[in-house]
1. Would you look at the GNM of the chain, springs on alpha carbons closer than 10 Å, and say which of 105, 159, 36 moves the most?
2. If you take every residue apart from residue 156 with its C-beta less than 13 Å away from the C-beta of residue 156, what net charge results, scoring Lys and Arg +1 and Asp and Glu -1?
3. Mind checking which of 161, 11, 136 has the largest fluctuation in a GNM of the chain, springs on alpha carbons under 10 Å?
4. Set the bar at 25 Å for Cα to Cα. Now go through 18/50; 54/166; 50/192 and name every pair that lies beyond it.
5. Beyond 35 Å, what percent of the Cα pairs of the chain remain?
6. What residue among 162, 185, 248 shows peak mean-square fluctuation when the chain is described by a Gaussian network model with Cα springs under 10 Å?
7. Place the peptides 201-212, 218-229 in order of packing, highest mean first, counting for every residue the other Cβ atoms within 10 Å and averaging per peptide.
8. Could you work out how much longer the chain between residue 206 and residue 23 gets when fully extended? Use 0.36 nm per residue separation minus the Cα distance between them, nm to one decimal.
Amino acid sequence: MPRSIGLSGSIIMSEPAKLSQLFTYDHINHIEIGEFPDEAAFHQFLKLLKEENKTFGLHSPLYRNQSKYDLLEKVQFHSEEAWIQFESEVELMSKFGAEYILVHFPYFKDKITDDVNLVIEDALKKLSILQEKFSIPIVCEPKLGHNRSTFGIEALHSFPIEIWDKYGINICIDIGDYLLAVEDETSSYIEKWKDHIKVVHLHNVEFQQNKYIWVPVHPSHETAPSYYNVGYLIKLLAKSSDVFFIFEHTPHSNPTRKFVEEGIRWVKSLI
């Protein structure tokens, strides 16, 4: 079962001046990135990618300040605009040879009164059409909503797997979002989707007053009471085939390179 260990552009906030840093870590063969400031930065990234001979996936949106959460309901953009944008990104990524395009779905700000299974299936049909039309895998990442609403993650967990099977769409498990949403139940939530998982977003959670930030996964956290245990989840997720394990922390905690690399080696040993 092939394994890819990748870095997310989140670790440098997709800053053009820092793009080369993504290609300097050992054991990394894949980059997942999005939210470039402009087209020049995207092409700068593609040039580096070619030189370094690594694969990539797009974490939609391609450019900053575009639609990120709006496929099912308006968050910042009308859903019609979001679908137009997403289709153009799917087409573009197919041309540039991306391994996949990842989108936040299902994302709900909070509970809805409509039949949630119908809402999800209607969108799944559209995603399946795009996947087939442009011959590129689409990966759906369920997310926490406003004020850490768990509605989207719960809605996916309740969604009939036999209906999802019909559409051939992959799933991304963001271990931070899942641990925040369902804590000790995370492994059972993952187990349901094991045959559909293509991407795993790796980070731990550091709480600061009433906020939290994504920090690198690291073996020292396994015995630290202020962090989540993630080793058992990584082992569980490694049972799915052809998975991309993506380090998706942000720079806010200012982790040292040594700390990040220790985490990468640890994950490599687990999977």
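1. Judging by the Gaussian network model, the answer is 159.
2. Working: positive: 143, 192; negative: 121, 141, 154, 174, 177.
After counting each charged neighbour, the total is -3.
3. Answer for the Gaussian network model of the chain: 161.
4. Going by Cα-Cα distance, 54/166; 50/192 fall outside the 25 Å limit.
5. On the way: 3838 of 36585 pairs.
Result for the distance tail: 10 percent.
6. Evaluated over the chain, the most mobile residue of the options is 162.
7. In decreasing order of mean packing, 201-212, 218-229 become 201-212, 218-229.
8. In short, 63.3 nm is gained.
The values are calculated or read from the model by the stated rules, or taken from the named source; none is laboratory data. Computed from a prediction, not measured in an experiment: that's the story for all the values here. No Cβ is skipped: glycine too gets one built from the backbone with ideal geometry, and neighbour counts run over all protein chains shown. Surface accessibility is based on the protein's heavy atoms, side chains included, excluding ligands, DNA and RNA. Shrake-Rupley method; radii C 1.70, N 1.55, O 1.52, S 1.80 Å.
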